[in-house]
Amino acid sequence: MGAGAVQVTAPIPLADMPVVTRGLSAAVLPAGSVTPTTGSVGLLPASGSSGSTSFPATILVASPPVTMASGASVSATITTRSVPYAVRVPVSALSGINATRGSVSMLSADAVTTKQVVVGAVGGGWAQVSSGLPVGDEVVIADVTSALPTNHERATWPPWQQRRLPP
């Protein structure tokens with residue numbers, strides 16, 4: 001670590017430990033800042049404390065801004081996977097996910113059909129569809145603005161909304 005560099009300790013959830021490795025890029029955002037600083041994962045713990053659900057990892061920031069003084073609050077995002085130019089759908093559009101396969105419902109001429117797709121990276125409420133769904137196809141997702149029907153109400157049909165995939 002060079003002069004002026006900063007170490008940030010970040011808790012890594014146990015479930016994420018298999019994908020977090022030394023050298024991964026991390027975006028570190030000091031409190032009150034709008035521009036993140038780039039760092040990299042340096043040290044990973046060999047183990048955590050007994051009963052712990054997260055493990056402390058060290059992120060090294062070689063050229064920190066002045067707002068990252070010792071003891072400053074920061075948030076950190078570690079990028080474990082990136083898929084540029086991918087077809088993506090809201091996770092709510094997927095059903096029957098089994099490992100890397102799932103299905104999406106398509107609306108065409110007031111009829112709903114199901115298409116099998118291969119699912120890649122998932123995160124932030126979105127899922128990559130690596131095959132089975134061309135750009136521009138419309139998928140059916142839940143209408144989150146509609147109230148759920150009770151035993152005494154009838155649901156409005158069709159209970160979905162369409163979402164055009166981004167190019």
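The values are calculated or read from the model by the stated rules, or taken from the named source; none is laboratory data. Quantities reported herein were computed from a predicted structural model and do not represent experimental measurements. A quick note on method: Cβ atoms are made from the backbone with ideal geometry, for glycine too, and the neighbour counts reach across all protein chains shown.
A few notes on this one:
- Looking only at the stretch 114-167, residues that are buried (at least 16 other Cβ atoms within 10 Å of the Cβ), at pLDDT below 55 and assigned to a strand (DSSP E or B) come to 1 in all.
Residue by residue, here is whether (1) under 30 Å from SER131 (Cα atoms); (2) among the hydrophobic types (A, V, I, L, M, F, W, C); (3) exposed (fewer than 11 other Cβ atoms within 10 Å of the Cβ); (4) out of contact with any strand residue (DSSP E or B) (no Cβ under 8 Å at 6 or more places or on another chain) holds:
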| residue | (1), (2), (3), (4) |
| --- | --- |
| LEU29 | no, yes, no, no |
| VAL34 | no, yes, yes, yes |
| GLY71 | no, no, yes, yes |
| GLY102 | yes, no, no, no |
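- Selected residue (only one of PRO84, PRO64 is modelled with pLDDT of 75 or more, surrounded by 16 or more Cβ atoms within 10 Å (Cβ to Cβ), of a type outside the set (A, V, I, L, M) and under 30 Å from VAL8 (Cα atoms)): PRO64
- Taken residue by residue, the stretch 101-122 has no member that is on the phi < 0 side of the Ramachandran plot, within 17 Å of the chain's Cα centre (by Cα) and charged (D, E, K, R).
- For the stretch 67-95, a residue qualifies if it is under 21 Å from THR35 (Cα atoms), among the β-branched types (Val, Ile, Thr) and not in a loop (DSSP other than H, G, I, E, B), and the qualifying residues are VAL74, THR77, ILE78.
- Of all residue pairs spaced 6 or more apart or on separate chains, none has beta-carbon atoms under 7 Å together with a first member in the stretch 87-116 that is in contact (Cβ under 8 Å) with a residue 60 or more places away in the chain and a second member that is in a loop (DSSP other than H, G, I, E, B) and of a type in the set (S, T, N, Q).
- Between MET17, MET106, the distinction of being of a type outside the set (Lys, Arg), surrounded by 13 or more Cβ atoms within 10 Å (Cβ to Cβ) and modelled with pLDDT of 85 or more belongs to MET106 only.
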